[in-house]
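Okay, structure first, notes after.
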Amino acid sequence: MGSEPSGEVYLPDTVRTAVKVLVVGPFAVGKSTFVNTLSEIEPLHTEETMTRDGAVVDDLHGITDKTTTTVALDFGRRTLSDRVVLYMFGTPGQQRFLSMWEDLAHGALGALVLADVARLEDSFDVISVLEDRGLPYGVAINDFNTVEIPPHEELREAFDLLPEIPLVTCDARDRSATARAMVSLVEHVLASPLQHARESA
Amino acid sequence: MSPPRRRDREALVRPYLITGGRAHPTRNTLDLTTLIQATRHADPSLLSPEQRRTLRLCSGGSLSIAEIAAHLELPASVTRVMVADLVDQGHLATLSTEWQQHGPDRELLQEVLDGLRALR
Ligand SMILES: Nc1nc2c(ncn2[C@@H]2O[C@H](COP(=O)(O)OP(=O)(O)OP(=O)(O)O)[C@@H](O)[C@H]2O)c(=O)[nH]1
Ligand SMILES: [Mg+2]
């Protein structure tokens, strides 16, 4: 299946609102694949410059090459209605990238955590960080067909997921599967108590 | 197979505090997904080549800051600063991102959800 990149660079004139979702997970778990499958544009990437101690830099004055490092960030876009566009950022989950998150996570609807059953534990740290930060998240198990996928209850226990956190199995190369994973996340965001509090505020 | 458990590791790996020392309190109104458009009456004569490239790209239609950075092959952070300057000078304008201050409302989320469901 897969997306049909429109080849169009610019957004439709009517679009006024951008929403953002992070697609996070360990090395080679399928983040870029997932984003590209749902994206309507060719994969794009940019880089963030960070100091070695982890701060995102936006003013290069007085900072030398020795103290900075760059992190590649790939992203895609999907126009969802006349007014709204979704941006998806493939975000490395390794510890040294966590400060970059702070910036990316600002204003994000939530995060989708990708995991590989053959190495579930590689996705644990990222979940703890999301919980600390209070960013809504869902978990998508990417099926690499190498290990049999355990029953969902067992996976939920492994991740220690609260009952309301969505958990789906997914193939990052398949459009229906990736769309379904996104749907489960947004449904969760809509149902969250925070969302209700906002409504009544 | 019994999968490993996340909480078992907590004794070993404490949850990280994302401190990260934000180096730049000034420009943080511009997000990577802030949408940008060129304004009609901008006079580019005093701009640097880099700024003109940005204006030329943006005059074709609206784009996010992340896309501007990607197309110009500039670091996101540098792009953010340059776009902020161009907005201050009236060459570029940001489209509404009001909800980003308070979080998305129900109506917006429902629209996102409907759009995603149509993709399945
Ligand atoms: N079978 C299967 N293969 C996948 C799936 N998702 C990704 N792959 C393959 O796994 C490899 C890694 O995928 P990427 O999308 O590059 O992973 P990534 O998380 O972006 O990797 P890094 O950015 O290097 O951390 C590629 O060869 C993909 O084709 C999946 O759901 N199923
Ligand atoms: Mg990648």
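Observations on the structure shown:
- The calculated FRET efficiency for the pair B:GLN89 and A:ARG119, based on their C-beta separation and a Förster distance of 45 Å, comes to about 0.35.
- Counting only protein chain heavy atoms and rolling a 1.4 Å probe, the accessible areas of B:THR33, A:THR70 rank, largest first, as A:THR70, B:THR33.
- Counted charge near B:SER48, where neighbours are those whose Cβ lies closer than 15 Å (Asp, Glu -1; Lys, Arg +1): -1
- Those residues of segment B:105-119 for which accessible area with every protein chain present is at least 20 Å² below the isolated value (1.4 Å probe): B:ARG106, B:LEU108, B:LEU109, B:GLU111, B:VAL112, B:LEU113, B:GLY115, B:LEU116, B:ARG117, B:LEU119
- Carbon + sulfur, % of accessible area of segment A:134-192 - ligands and nucleic acids excluded, 1.4 Å: 52 percent
- Per-residue mean of C-beta atoms belonging to partner chains within 10 Å, peptide A:18-28: 3
- Percent antiparallel among DSSP beta bridges (both partners in segment A:65-182, rounded to 5): 40 percent
The values are calculated or read from the model by the stated rules, or taken from the named source; none is laboratory data. Just so you know, these numbers come straight off a predicted model, no measurement behind them. Cβ atoms come from the backbone with ideal geometry, glycine included; neighbour counts cover every protein chain shown. To get the accessible areas, we keep the full protein, side chains included, count just its heavy atoms, and leave off ligands, DNA and RNA. Shrake-Rupley method; radii C 1.70, N 1.55, O 1.52, S 1.80 Å.
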